[in-house]
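Since the structure comes first, as structure tokens, the remarks are kept for the end.
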Amino acid sequence: MAGRPADRGLTLAQLAAYAGPALPLAALTLPLYVILPTFYAESIGLPLAQVGLILLAVRLIDALSDPVVGVLSDRFHPPLGRRRGWFLAASLPAAVAAYMILTPPEGASGLYLLGWGIALSLGYTACVIPYTAWGADLVSDYHGRSRIAGAREGMVLVGTVLAVSVPGIAEALGAKGQALSLHILALFVAVALPVLTLAAVWRLPEPADTGRPPPALRAGLAHVRANRPFLRLLAAFVLNGFANGLPATLFLFFVARVLEAPQMQGPFLFLYFLCGVAGVPLWLAVSRRFGKHRTWSVAMLGACAIFITVPLLGPGDLWGFAAICVLTGLALGADLALPSSIQADVIDVDTVSSGARRSGLYFALWGLATKLSLALAVGLAFPVLELAGFRTDATGGGAAGLGMLVALYAIVPVGLKLAAIALMWRFPLDAGEHARLSEKIAAAQARV
């Protein structure tokens, strides 16, 4: 059997081509999870609890599509391949849906948000699952996978920084509110996503699979249930995703109501994600020495130590919050690059067991976990805030509402991250164990 293209590694040009589509996908992600809930509540005028429940419903409906897309991308081979073909086909519908939800007409209803939210979530899923599975299959080396994941997630952060910068550009153009900012982002995603996807498909190969078809549904699920490193990683990822989703969802409210500095929302977000970009190469270098799971655990522990100081902040404590943004932003680099690289490794456990390379299914389950954690963040945080008396107007709803905001923003995430650390500190799949898995896969492929 011919060697996989991945075994020869990627050139810098190929690495850049693969990472490119992450730029518009990331520029889309920040508005969806941070800006859009606030925009539809404050600018469009939908009730806060209604926005939270609609977005929760969108993500729960969308979650049902993840395993379907994963199985399809593993089993069916369009002309350009099971990774490249599916990714290219999904990019244009996702771009159209992104434009529609980011540019709502005046007086848009909850039904508009629900309909285009579902369309965008489905399109985004159909893009991201084959895209990330493609990256996992491009290389087989333990640290080489970190290089691919780091390039992609680094571009995710660059795209996020770009999205954060747009409100400042819109304000310089004389815009009031967030409508023009979202319109600029909508145009960027609508053009850049299809174009950069085409560039990636042109420059990169379709990875060869193992030559064996995926097992039937029941047998395939049995292999997933038996993959204990994957289940352990997935549990830790859900906990950490929920921990990150709460502050992401509540960030704008925290800066405006607790720090009483709404004018600093954009600069703080920019600083946080810029430090995340710097953190990616830092944590990748550390992981080459200490291993991926231990490095990720240390980064999460550092974030907890820093974030526990947030309740001490009050109106005007801008320098203190800036320092927190810098340090937790650096930790974010590990949250993005390392779990995704470990995910590619735990798929090898399944390959040894089932004989097939089922990256689509595993990244579908990964995407499902991501969406559930983010859905919990927005779907639970907004109704809980409203029950506590929090209001979106300048008063914030009094001490009880602000106290609940601080608790959800800072205290709950620390507890969730500590639980994730407990799962990952003694994770069984390190570089040595992965090398043994790679030998077994190579021997099996030699016999095909």
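The values are calculated or read from the model by the stated rules, or taken from the named source; none is laboratory data. In this text the structure is predicted, and so the values were computed from the model without any measurement. Ideal geometry is used to build each Cβ from the backbone, glycine not excepted, and the neighbour counts take in all protein chains shown.
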**Message:** Going residue by residue through the stretch 310-320, is there one that turns out to be at pLDDT 80 or above, over 19 Å from the mean Cα position of the chain (by Cα), outside any helix (DSSP H, G or I) and small (Gly, Ala, Ser)?
**Reply:** yes
**Prompt:** Residue check: is residue 105 under 22 Å from residue 188 (Cα atoms) and either at pLDDT below 80 or among the acidic types (Asp, Glu) (or both)?
**Reply:** no
**Fill in**
Listed by first then second residue, the pairs whose first member lies in the stretch 281-308 and is over 12 Å from residue 424 (Cα atoms) and touching a residue at least 24 places away in the same chain (Cβ under 8 Å), whose partner is assigned to a loop (DSSP other than H, G, I, E, B) and aliphatic (A, V, I, L, M), with beta carbons under 7 Å and at least 6 positions apart or on separate chains, are none
**Request:** Taking the options 362, 409, name whichever one is of a type outside the set (Lys, Arg) and under 30 Å from residue 68 (Cβ atoms).
**Result:** 362
**Message:** Filter the stretch 62-103 down to the residues that are more than 20 Å from residue 360 (Cβ to Cβ) and out of contact with any helix residue (DSSP H, G or I) (no Cβ under 6 Å at 6 or more places or on another chain) and list them by number.
**Reply:** 96
**Fill in**
Result of the Cβ filter at 7 Å on the stretch 406-423, keeping first residues that are within 10 Å of residue 301 (Cα to Cα) and partners that are surrounded by 19 or more Cβ atoms within 10 Å (Cβ to Cβ) and among the polar types (S, T, N, Q), at least 6 apart or interchain, is 417/240; 420/240; 421/297
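Listed here are the residues, each with its yes/no results for (1) touching a strand residue (DSSP E or B) at 6+ places or on another chain (Cβ under 9 Å); (2) at pLDDT 85 or above; (3) buried (at least 18 other Cβ atoms within 10 Å of the Cβ).
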site	(1), (2), (3)
17	no, yes, yes
22	no, yes, yes
30	no, no, yes
34	no, no, yes
38	no, no, yes
48	no, no, yes
61	no, no, no
74	no, no, yes
80	no, no, no
**Prompt:** Here are some conditions: (1) modelled with pLDDT of 85 or more; (2) among the hydroxyl-bearing types (Ser, Thr, Tyr); (3) within 14 Å of residue 121 (Cα to Cα). Residue 65 meets all but one. Which one does it not meet?
**Reply:** (1)
**Selected residue (only one of 342, 324 is under 30 Å from residue 439 (Cβ atoms), at pLDDT 80 or above and of a type outside the set (Phe, Trp, Tyr))** = 342
**Complete:** Within the stretch 292-314, restricting to residues that are closer than 30 Å to residue 433 by Cα and hydroxyl-bearing (Ser, Thr, Tyr), the one that is surrounded by the most Cβ atoms within 10 Å (Cβ to Cβ) is 297
**Message:** Can you tell me how many residues within the stretch 43-69 are over 22 Å from the mean Cα position of the chain (by Cα) and over 17 Å from residue 383 (Cβ atoms)?
**Reply:** 3
